[in-house]
Amino acid sequence: MNEVSERATVRTQDATARDSDAIGGTLKAVGYAAKHSFSHLKRFEFERERAKDNEIEIEVLFCGVCHSDIHQVKNEWSNTVYPCLPGHEVVGRVTRTGVAVSRHRVGDIVGVGCMIDSCGACAPCRAGDQNYCEGPNSWLATYNGPMIPAAKAPDHGNAYGRDNTFGGYSNILVVREDFALKIPAKLRPEVAAPILCAGVTTYSPMKHCGVKAGDRVGILGFGGLGDMAAKIAKALGATVTVFTRTPEKIQEAEKLGVAAVLESDDAALERLKSTFDFILSTVPQKHDLNPFIPLLKRDSTLCVVGALEPLEPVNNMLVAFHRQQIVGSLIGNLADTQEVLDFCATHDIGPDIELIDIDEINSAYKKVEGADVRFRYVINMASLQPPSV
Ligand SMILES: [Zn+2]
Ligand SMILES: [Zn+2]
């Protein structure tokens, strides 16, 4: 296209010059979006409102590819708002700050996870658990709009004033400053990106359930979430065992310094009875927890984070006899997200990632769906051509 040279000029502009792109309080933006449930992601131009007083504008540098993005694009949770522009593992550079912003400065490297707002008034919000917001529209997701859309809200209202939000597969993001996390200097920005969802999703329940040094922790599933879970549990000082259906992953787990067991190895499961203080299931679809319940010690917990759908029925005979708990957990609050970023920097851990260009996104989705890849794809947003002028 003949816009290429102009685009190249735009890309070299500094943050101040970028302000001149504003048109009536909006910024030209571009990303990759799906128009309906059976379409591929394609280049999509749109406008974002400029930062208000307490908001920051972020030039997106990297965005992780989460399994949720694929569920959402394909409307597998029956709640997708189109166009669907995914991405909630966003790391970027602050390019502009509203006048009331005090936490971040232009040039800072920041991260945005699954949420960009919450009601701030309900009991969970006041307790700092924005991810369990009980406001009329619950929390505002980084993409796909409020978790409770107007049609399902008690008074059919929308406290956030927007039905859809566009995520991090884009060149720029505008968010309230308190929903942007600080990326520690020790973490490479592209490695930090998946920690904003996969990292906190596994860290938060381990913290909440009190996993500590010396505990025995089991991890079900060894994909993107399982990889982070194993590394975090090990860094917490736990003795970790990964359970997988894939023989090749046994060696991969051992390379991380954790034990690994094939789910089909009945003799191994028998030997491990009543030995675990905590088990985290990261399996991303319907599965059977019953073979793993006997592995828990009395009064211990099995937490499910991977699957947001009905599971195989749990046999309460197994649960009741040793007063165990089967629980769920959803991402993590802002404080936990900052904590896990700092924790990963301190312990020098992070996801195994593979960088891709934005135009490889559709084939990356196929691989994630088909192969249960252990590494995380992260989009290098430098590969996205700026919006047409
Ligand atoms: Zn995610
Ligand atoms: Zn709330």
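Every number here is computed from the coordinates shown, using simple stated rules; none is lab data. Only a predicted model underlies this, so the values are computations on that prediction, with no experimental measurement involved. When we count neighbours, we look across all protein chains shown, and the Cβ atoms used for this are built from the backbone with ideal geometry, even at glycine.
Ranked by how many other Cβ atoms sit within 10 Å of their own Cβ, fewest first, the residues Leu280, Leu220, Leu269 fall in the order Leu269, Leu220, Leu280. With kT/(6 pi eta Rh) evaluated at 25 °C and eta = 0.890 mPa s, and Rh the Kirkwood radius from Cα pairs, the chain diffuses with a coefficient of 113 µm²/s according to Stokes-Einstein.
Straight-line cross-link reach from Lys52 at under 18 Å between alpha-carbon atoms covers these lysines, not counting any fewer than eight positions away in the same chain: Lys28.
Rank the residues Thr26, Thr142, Thr301 as a footprinting-exposure proxy: fewest other Cβ atoms within 10 Å of their Cβ go first. Let's see the in-between values first.
On the way: Thr26 14, Thr142 27, Thr301 20.
Exposure proxy ranking, most exposed first: Thr26, Thr301, Thr142.
Distances longer than 20 Å among the Cα atoms of region 237-335: what percent of all pairs is that? If you can, show how the numbers build up before the last one.
Numbers: 2002 of 4851 pairs.
That fraction is 41 percent.
Model label points for Asp299 and Leu262, set 7 angstrom from Cα along the Cα-to-Cβ axis, are 3.7 nm apart.
Given their separation in residues at 0.36 nm each and the Cα-Cα distance between them, Asp155 and Ser388 gain 79.9 nm when the chain is fully extended. The distance from the alpha carbon centre of region 232-296 to that of region 302-349 is 14 Å, rounded to a whole number. Let a ≥ b ≥ c be the square roots of the eigenvalues of the Cα gyration tensor of region 293-362; is it rounded (a/c under 1.5), or, if not, prolate (a/b larger than b/c) or oblate? Note, shape of region 293-362 comes out prolate. Whole-percent P(r), region 140-288, all Cα pairs, 5 Å bins from 0: 2, 8, 14, 16, 15, 13, 10, 9, 7, 4, 1, 0. A Förster radius of 30 Å combined with the Cβ-Cβ distance from Glu270 to Leu330 puts the calculated FRET efficiency at roughly 0.35. Annotation: the residues Phe46, Phe343, sorted from fewest to most other C-beta atoms within 10 Å of their own C-beta, follow the order Phe46, Phe343. The length gained on full extension between Lys186 and Asp288, counted as 0.36 nm times the residue separation minus their Cα-Cα distance, comes to 32.8 nm. Between Leu355 and Glu134, the modelled labels are 4.6 nm apart [label points 7 Å from Cα along Cα→Cβ]. In the structure shown, the pairs Lys74/Lys286; Lys74/Lys234; Lys207/Lys367 are assessed against 27 Å; a Cα-Cα span above that value is assigned to Lys74/Lys234; Lys207/Lys367.
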